Amino acid sequence: MTRGARIAIRVVPVLLVIGFLGVLWAGLGHNPSLVPSPLIGKPAPALTLPRLGHPARRVTRSYFLGHVTLLNVWASWCVSCVYEHPALLWLKHKGVRILGVDYKDRRAAALAYLRKNGDPYREVAFDRRGLTTINWGVYGTPETFVLGPHAIIRYKYVGPLSPRIARRVIYPLVQRLDAEGRAS
């Protein structure tokens, strides 16, 4: 084996490890909750779902018109949804209009969850198979959207809302959008 081949056998693996560690290091600065959404700034996708508590009634896209609304995709089986639940209850207490979308769940389990933990939602839509939320770019729970009064998506958060995110990001955004809506 030539001297150059022996050096390459030693150097190439070291360079690969350094490159891999560099990629991992760069990823540490990325917040996975701030997934860019192509829907930001665009009208809310179609939404026609039965209500969780009243299956004969429907929640439609018109629900968003005229109001700043938080749309929260959740499920009774979702451990992270339990973590974010106090933040949603706090937002409800502050007067934020929240539409829950129960995702790939059983109706009875979802209703029991809300009875046990408190209901932060003004209304809950039931997306049993998760087909409607696909149009929203939802791929898991929880995911939260903030919509302006003209049903334009203004913000998306992937993962559980912490009390800090609710206080420092979501609530100020809702207040600002409310003020903009009243001014227009």
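Please treat every number below as a calculation from the coordinates, not as lab data. Fair warning: this is a prediction, and the values are worked out from it, not measured in the lab.
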Euclidean distance of C-alpha centroids, region 120-149 and region 72-89, integer Å:
12 Å
If the cut-off is 28 Å between C-alpha atoms, which lysines fall inside it for Lys116, apart from same-chain ones fewer than 8 positions away?
Lys92, Lys94, Lys104, Lys156
State, to one decimal in nm², a quarter of the convex hull surface area for the C-alpha atoms of region 48-183, i.e. the direction-averaged projected area.
7.3 nm²
If you take all C-alpha pairs in region 86-145, what percent of them are over 13 Å apart?
64 percent
Can you list residues whose amide H is under 5 Å from Gly159's amide H, if they're 5+ apart or on another chain and H is modeled 1.01 Å from N?
Glu143, Thr144
